[in-house]
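Participant: Have a look at this one.
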Amino acid sequence: MIKQFVPNGLLMRALSRVLPLMILVMLAIGFATSSIVETTVTRQTHANMAEDARFGAQAVGNSLSGILSSIRSLAGNDLIINALVDVEARDAYIPPFFNHLQVAGLGLGGRIAFTDYRGRVIASNWNASAMTDAPWLAQVIDEGREYLQFDSAAGLFVVPVRYQGAAEGAIVVSFPKAKFADVFGLSAGKKVVLVSTPQVDIYASDPEFARIFRSGEKLEPAWIEAHSTVPGFSGLQVTVAERSEVALAAIYSLRSALNGAIVFSILALGAGIAAAALFTTRPISRFASELRNFGSSKDFDQRITASGSAEFNDLRAAFNAMLDRLQTVSQSHKTLEDAYQTRERTEQALQDRNAEFSQAIENMAQGLCVFDSGQRVIMSNDRFASMYGLSPEGVVPGTSLEDILRSRIAVGLYGGDDPDSYLRDRLEACQGLESQSIYYDELCDGRTIRISRVPMPDGSWVSTHEEVDVVASTEPAGDDTLIQVGGQLLEPLETLVESLRLASAGGVEAGAEMAGSLVGMAYRDAEAVRRYLDDVLTMSRARSDTLELARAQTDMVASLNETIERVQAFEDVSEVGLRLEETVGTAQSEVDDIALQRVMATLLSRAMRSSPPNTDVVLRFARKADRLRLAVIVEGSNVPPDLEMLLSGDARREDVPILDLPETDLAFLVARTIVEGHGGTLNIEAATDLGWTCFFELEELERSILDEIEAERVDEVDYDSDSDVAYL
Amino acid sequence: MEHWVVGSQLARRIGLAAAVVALAIGPGIPGTAADPYQLTSVESQFAKTHTKSHGRKLQALPIRIGLDAAMTGTAGQSGLAIERGARLAIAEINEAGGLLGRELELVVKNHRGIPARGIDNIEAFAGLANLVAVIGGLHTPVALAEIDSIHRHRIIYLGPWAAGTPIVDNGYQPNYVFRISARDEFVGSFLVKKAVGRGLRKPGLLLWRTGWGRSNYRAIMDALPEHGIHHAGVAWFNTSQRHMAKELQSLLDAGADSILLVANAGEGLAVLRAMAALPPQKRVPILSHWGMTGGDVFSRDPRLFDEVDLTFLQTYSFFTPTAPAKSRKLVDRYCVVFKVCGSLGAIVSPVGTAHAYDLVHILARAIRAAGTIDRKQVRAALERIDRHDGLVRTYAPPFTPDRHDALDKSDFRMSRYTVSGAIVPHDLVETQ
């Protein structure tokens, strides 16, 4: 059972494996960040608190200094000093002065008294009798120093009034506790402010803090405090404090924000993974799905259409490019497979036909044996074996000529004295056949055998053996038999050749290079046999006047291109090029396309074989005086003698049996026959060592005729008369 | 009650407290560490020498005379002068066998010019055994403030300098205040007379805002009509006032052709500076009470006395002594005891010395006459002394029940500083 694909498996893995780790990491980061931030903020909070304490102490100092300055100014006033002396009349001007006297910074709440050097009140803005005879005040004045006293209920400034450098009185300013905030210049704020001495708390904006502070209870973590000595007032200290939850509110907020951020990040991570699943994993899934679909497709004709990011697009393009090549390979393999199937069918057909062929061959009066270039039997008939007294099993495909000859000697058909010499001579005679050879072999039993050997392009050859007495009686029947047998053999052979050509010429990839090479070799072998048989058949039909050309309107350029393609597949084109030069454009001619391609293939193959290396054989197609001229042009070599001979004069060699004609001669004779069958003449022009040109001309179908044909074709098109678009 | 003292240290405070205590119970005792104005070593040696020199055994407990004056500050010189006069007299008396078989002893208290301290000093003297009298100082305000205490404790108050009329005319009967000094009532008339004598007919009054100023104000205001002139205006200044330009200018703007000044040394110096700061043509003569001579104003800024036409009241001058023999004898003693020799001008604040010297001798006569140191009887004896040939003058009698001021206008003379800072009679300078 195929496991069902889970589209978001990656997401699930991420969620199950990555996300917890990420959460742990983020929590760790959050904890570390929180700790760092908390430490930093706490340190900063303490620093700020210390700064506030310093500012508070400065403010207290400034305020007290301001008040002291005001009192000093009053104490230094010469009228006040005068009152120390002018006991007689001071009551007339000092009390009114004091009645409405205020000290800056104290407002109406400040009580001001003017005393003598013993602290006895001279004047005041309130009933200051309680201060009279205060021993401590006398002592303070006697010290001649400014005095500042605070207790839990009131505060007191004493500034001496100096006369001639000595403290002879004092300005005493007292104020109730309610005025402490004004005296200290402290404004209400979030933070607690405590003004204290080492012994007593003077002012606290928060009594609870003062109680805790004085009791010595541990302030942390409930409170965060900082202390600072009031400048200019040693012993006086300002403590600024704030409840931790307020002071560190930023930390708490930050911590909350951080927790929120972590939660948000986790959610965002999940969302990100989900989004990734949606926008990335899902495209990947679609991508993978399409790949699987592709994998299940037969022809690799599907393409990946999934889209996504540029990376996906690149991946998609890469996959599709790969699929293109894969499809090409697949098609090539399919073609190859088809070719093999065709070959199998063809082989089967060939076997079938071979059976028929063998039967036909067996029915031949001649002995027939075809040897390959290695002088081994390709095929033979029983007549051949029986003619030489050999068993059919002794002449089978693969049997060497030497063995056959030795068998002849063994059966006593050789009557000479030197069998080895005979054997050597005969083997050498068959070695490197270049043209048809005929000789007569007289057997020791009295029979004379006429042996005709026709070499094939690839080095093989076809030998026919007949007793001379039989030759005359069987000559006519021989051509008919050839026609019959050749016709039967040629059709499947052509099928095989076409298949092999397609396989050889088709894009078989590197992996199938060996197969392609083998196919190419098979094609060329088959093509050679096919051509020969075709030539034999055609020539036989020509001699018997049964040759019919199937002339039809033919696109000459397309036909020539196809011919070039065939020749290139057949011939070795590694050293000699082949190209078409056409100046005609579109040209139509009424010809037998297949026959004409045979003519051109014969001419081009012969031309390529005779061309020097690194030259091009040019097939030039041009108009010449209202006719279409097809010329095969070879540069740098002389015209082959056999070609020249065949094309010069009436060299049809009608008296030579077809099977005795050399393969090349037969091919040229066929070509000449076909060209002449189309009303043309095969000509040759040559210049010594400069090259040669073989050409012929055909009638071109007139334009008017073509127009008529086209008009007839157009009339057959079913189109909407109301619409010109379809026609156009 | 928690005390928090700015910048103080407990030990220091304790030390100062001890000083205060010492000051309260025994200030003025020679050799007491707490006495900031104790006798110099020379003075102490002088006292010891002359105590033992006559070879008679004196009773253990001396008869005490208090000195309550400004011994420090800008008027400290006045206290010193009074003390020296008193000590010279006491020395002579003790050399002569003392009084009632007992030695005289001077107990000094410094009131610093502050009435409150003066009162407290009187209170302290009141508790001092064998105290017969207290010699006062320069400051009329202090003396005025002490009047009630003096009479409450029946302390004989001998005024050698403070000229305030109400000091003597204090309303108490019996009056325990006796004075050898100027009396403002007379001074006012004298100054106006002197101004008129110089052709100055529109004086401006520049007065210290105290009882002394007011005392002179009344005197001058009474005297002006007597001499047919009017004042240009009255300006008051406060104690320790350093800048007098405003007040001075107001008087000048009012057309004052002279200034009748009632000031002590500090404030008087400020007036002189204000006057000297004016263009010379705008400066006017200053006819001053004698308060300025209670301090060493000359040495502070001698230039001022060249630039300002200053004359001031004096009642005595060693340059023109009324009793030359006494004067020479005293000057000699002065030189021996205080090592101030060679120039009469070197005797600082001479009126203080002379007045105190005469007061102690008159007091001694009264004690002898009373045969007791009981202050009530001594006070009465003072009113009964027929004659005393003193340094300043011949007192015949010095005091009567109705007159406790021993001097009168005849004793007054205008004086000025010489270029060396000596105080000399003005007419003597003019003569020279």
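Participant: Check off (1) buried (at least 21 other Cβ atoms within 10 Å of the Cβ); (2) touching a Gly at 6+ places or on another chain (Cβ under 7 Å); (3) not acidic (Asp, Glu) for B:Tyr417 and give me the number that stays unchecked.
Facilitator: (2)
Participant: Which residues, taken from region A:93-110, are outside any helix (DSSP H, G or I), at pLDDT 70 or above and surrounded by fewer than 22 Cβ atoms within 10 Å (Cβ to Cβ)?
Facilitator: A:His100, A:Leu101, A:Gln102
Participant: Answer yes if at least one residue in region A:361-373 is acidic (Asp, Glu), under 20 Å from A:Arg450 (Cα atoms) and modelled with pLDDT under 75, and no otherwise. If you could, list the steps in order and put the result at the bottom.
Facilitator: Of the residues in region A:361-373, the ones acidic (Asp, Glu) are A:362, A:372.
Remaining after also requiring under 20 Å from A:Arg450 (Cα atoms): A:362.
Subsequent filtering for residues that are modelled with pLDDT under 75 retains A:362.
Yes: one or more hits.
Participant: Can you find, within region B:62-75, the residue that is farthest from the other protein chains (Cβ to nearest Cβ) among those that are in a loop (DSSP other than H, G, I, E, B) and within 25 Å of A:Asn82 (Cα to Cα)? Outline the logic, then answer.
Facilitator: If we filter region B:62-75 for residues that are in a loop (DSSP other than H, G, I, E, B), which is where we start, we get B:62, B:70-75.
Restricting the remaining residues to those that are within 25 Å of A:Asn82 (Cα to Cα) gives B:70-75.
Details: B:Ala70: 9, B:Met71: 12, B:Thr72: 7, B:Gly73: 4, B:Thr74: 6, B:Ala75: 8 Å.
Per the stated criteria, the residue is B:Met71.
Participant: Restricting the first residue to region A:78-103 and requiring it to be closer than 17 Å to A:Val172 by Cβ and without any contact (Cβ under 8 Å) to a residue 60 or more places away in the chain, which pairs with a second residue that is among the small types (Gly, Ala, Ser) and crowded, with 17+ Cβ neighbours inside 10 Å meet a Cβ separation below 6 Å and a spacing of at least six or different chains?
Facilitator: A:Arg90/A:Ala83; A:Ile94/A:Ala83; A:Ile94/A:Ala123; A:Pro95/A:Ala123; A:Phe98/A:Ala123; A:Phe98/A:Ser124
Participant: Given the criteria surrounded by fewer than 23 Cβ atoms within 10 Å (Cβ to Cβ) and within 14 Å of chain A (Cβ to nearest Cβ), does B:Asp184 qualify?
Facilitator: Details: surrounded by fewer than 23 Cβ atoms within 10 Å (Cβ to Cβ): no; within 14 Å of chain A (Cβ to nearest Cβ): yes.
For B:Asp184, the condition - surrounded by fewer than 23 Cβ atoms within 10 Å (Cβ to Cβ) and within 14 Å of chain A (Cβ to nearest Cβ) - is not met.
Participant: If I ask for residues that are under 20 Å from A:Val183 (Cα atoms), assigned to a strand (DSSP E or B) and either free of Cβ contacts under 8 Å to residues at least 24 places away in the same chain or not aromatic (Phe, Trp, Tyr) (or both), which ones from region A:153-162 would you list?
Facilitator: Pass one, region A:153-162, residues under 20 Å from A:Val183 (Cα atoms): A:153-160.
Imposing the further condition that a residue be assigned to a strand (DSSP E or B) reduces the set to A:154-160.
Once the filter is applied, which keeps residues that are under 20 Å from A:Val183 (Cα atoms), assigned to a strand (DSSP E or B) and either free of Cβ contacts under 8 Å to residues at least 24 places away in the same chain or not aromatic (Phe, Trp, Tyr) (or both), region A:153-162 yields A:Ala154, A:Gly155, A:Leu156, A:Val158, A:Val159, A:Pro160.
Participant: So is B:Tyr395 crowded, with 22+ Cβ neighbours inside 10 Å and of a type in the set (Phe, Trp, Tyr) or not?
Facilitator: Working: crowded, with 22+ Cβ neighbours inside 10 Å: no; of a type in the set (Phe, Trp, Tyr): yes.
Considered against the rule, which asks whether it is crowded, with 22+ Cβ neighbours inside 10 Å and of a type in the set (Phe, Trp, Tyr), B:Tyr395 comes out as no.
Participant: Within region B:187-205, which residues are surrounded by 24 or more Cβ atoms within 10 Å (Cβ to Cβ) and of a type in the set (Gly, Ala, Ser)?
Facilitator: Answer for region B:187-205, where residues must be surrounded by 24 or more Cβ atoms within 10 Å (Cβ to Cβ) and of a type in the set (Gly, Ala, Ser): B:Gly188, B:Ala195, B:Gly204.
Participant: In addition: Scan region A:133-152 for residues that are within 12 Å of A:Val172 (Cα to Cα), within 9 Å of chain B (Cβ to nearest Cβ) and outside any loop (DSSP other than H, G, I, E, B) and jot them down.
Facilitator: Selection gives A:Ala138, A:Val140, A:Tyr147, A:Leu148, A:Gln149.
Participant: Checking B:Leu100 against (1) away from every other protein chain (no Cβ under 14 Å); (2) closer than 15 Å to B:Arg375 by Cα; (3) at pLDDT 95 or above, only one condition comes out false. Which one?
Facilitator: (3)
Participant: So, of the residues in region B:195-246 that are among the charged types (D, E, K, R) and free of Cβ contacts under 8 Å to residues at least 12 places away in the same chain, which turns out to be farthest from B:Asn264 (Cα to Cα)?
Facilitator: First pass over region B:195-246, keeping only residues among the charged types (D, E, K, R): B:198, B:201-202, B:209, B:214, B:218, B:222, B:226, B:242, B:246.
Keeping just the survivors that are free of Cβ contacts under 8 Å to residues at least 12 places away in the same chain gives B:214, B:246.
Numbers: B:Arg214: 14, B:Lys246: 18 Å.
Selected residue: B:Lys246.
Participant: Which of the residues spanning region B:214-245 are within 12 Å of chain A (Cβ to nearest Cβ) and in a loop (DSSP other than H, G, I, E, B)?
Facilitator: Step one: list which residues in region B:214-245 are within 12 Å of chain A (Cβ to nearest Cβ), which gives B:214-215, B:217, B:236-244.
Those that are within 12 Å of chain A (Cβ to nearest Cβ) and in a loop (DSSP other than H, G, I, E, B): B:Asn238, B:Thr239, B:Ser240, B:Gln241, B:Arg242, B:His243, B:Met244.
Participant: Does at least one position in region A:699-711 carry a residue that is among the hydroxyl-bearing types (Ser, Thr, Tyr), more than 24 Å from A:Val529 (Cβ to Cβ), at pLDDT 75 or above and surrounded by fewer than 19 Cβ atoms within 10 Å (Cβ to Cβ)?
Facilitator: First, the residues of region A:699-711 that are among the hydroxyl-bearing types (Ser, Thr, Tyr): A:704.
Those left that are additionally more than 24 Å from A:Val529 (Cβ to Cβ): A:704.
Remaining after also requiring at pLDDT 75 or above: none.
No; the residues of region A:699-711 include none that is among the hydroxyl-bearing types (Ser, Thr, Tyr), more than 24 Å from A:Val529 (Cβ to Cβ), at pLDDT 75 or above and surrounded by fewer than 19 Cβ atoms within 10 Å (Cβ to Cβ).
Participant: Listed residues A:Glu225, A:Glu242, A:Glu217; which is away from every other protein chain (no Cβ under 14 Å), closer than 26 Å to A:Arg43 by Cβ and surrounded by fewer than 21 Cβ atoms within 10 Å (Cβ to Cβ)?
Facilitator: Values: A:Glu225 fails: surrounded by fewer than 21 Cβ atoms within 10 Å (Cβ to Cβ); A:Glu242 fails: surrounded by fewer than 21 Cβ atoms within 10 Å (Cβ to Cβ).
After applying the criteria, what remains is A:Glu217.
Participant: So which residues in region B:195-241 are among the small types (Gly, Ala, Ser) and more than 17 Å from B:Ala265 (Cα to Cα)?
Facilitator: Selection gives B:Ala195, B:Gly197, B:Gly199, B:Gly204, B:Ser215, B:Ala219, B:Ala223, B:Gly228, B:Ala232, B:Gly233, B:Ala235.
Participant: For the structure I just gave you, tell me whether B:Gly136 is small (Gly, Ala, Ser) and within 12 Å of chain A (Cβ to nearest Cβ).
Facilitator: Values: small (Gly, Ala, Ser): yes; within 12 Å of chain A (Cβ to nearest Cβ): no.
The answer is no for B:Gly136.
Participant: Looking only at region A:43-89, which residues are at the interface with chain B (Cβ under 9 Å from one of its Cβ atoms) and among the charged types (D, E, K, R)?
Facilitator: Across region A:43-89, the qualifying residues are A:Asp78, A:Asp86, A:Glu88.
Participant: While we're looking at this one, here's another question. Give, as residue ranges, the strands (runs of 3 or more DSSP E) completely inside region B:76-165 that count at least 1 residues that are of a type in the set (Gly, Ala, Ser), in contact (Cβ under 8 Å) with a residue 12 or more places away in the chain and on the phi < 0 side of the Ramachandran plot.
Facilitator: Here the list reads B:131-135, B:156-159.
Participant: State which residue is farthest from A:Gln199 (Cα to Cα) when the search covers only region A:153-188 and only residues that are among the small types (Gly, Ala, Ser) and within 12 Å of chain B (Cβ to nearest Cβ). Spell out the reasoning first.
Facilitator: First, the residues of region A:153-188 that are among the small types (Gly, Ala, Ser): A:153-155, A:165-167, A:169-170, A:174, A:178, A:181, A:185, A:187-188.
Okay, now just the ones that are also within 12 Å of chain B (Cβ to nearest Cβ), so A:153-155, A:165-167, A:169-170.
On the way: A:Ala153: 15, A:Ala154: 15, A:Gly155: 15, A:Gly165: 33, A:Ala166: 31, A:Ala167: 28, A:Gly169: 28, A:Ala170: 26 Å.
Checked region A:153-188; the qualifying residue farthest from A:Gln199 (Cα to Cα) is A:Gly165.
The values are calculated or read from the model by the stated rules, or taken from the named source; none is laboratory data. Remember, it's a predicted structure, so these values are computed and weren't measured experimentally. So basically every Cβ, Gly included, is an ideal-geometry build from the backbone, and we count neighbours across all protein chains shown.
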